[in-house]
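Heads up: the structure comes next, in structure tokens.
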Amino acid sequence: MLDLLIMANQRARSLRVAMTDAERRLWACLRNRRFVDYKFRRQHPLGRFIVDFACIEHHLVIEADGGQHNENDYDERRTAWLEGQGWRVLRFWNNEILTNTEGVQEMILAVLDKRL
């Protein structure tokens, strides 16, 4: 079990280095409590999955999806598992993050405000 945890942490670390442009843009908004003082983690292991961004305190996962995620069974199973664990999952297309960053932020804030 410890080996799986170490592997997940190493994989998450490598994903942090290889972030997409959309993930970088969103992370610039979310990091260091810049987003209305909400604390987010990037490339964070949850169970056997690594999520793009997680607000642990409010059980919110944010995923930045590229074309490979279109109608993906793995993503559906992953989302179902996360929701079964009490997480709310928001998915945004990369192009949406890059072209409508403010709108994406408004959607995230609306979900966080509703959770309070």
Approximate spin-label separation Leu90-Lys39, in nm, with each point projected 7 Å along Cα-to-Cβ
1.9 nm
Ascending count of other beta-carbon atoms within 10 Å, so fewest first, for Asp75, Asp52:
Asp75, Asp52
For Met19 and Tyr74, what does the FRET efficiency come to when R0 = 25 Å and r is the distance between their Cβ atoms, rounded to the nearest 0.05?
0.80
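Any read-out appearing in this document is the output of simple, stated calculations on the displayed coordinates, not a laboratory observation. Owing to the predicted nature of the structure, the values given are computational and were not obtained by experimental measurement. Note: ideal-geometry Cβ built from the backbone for every residue, glycine included; neighbour counts use all protein chains shown.
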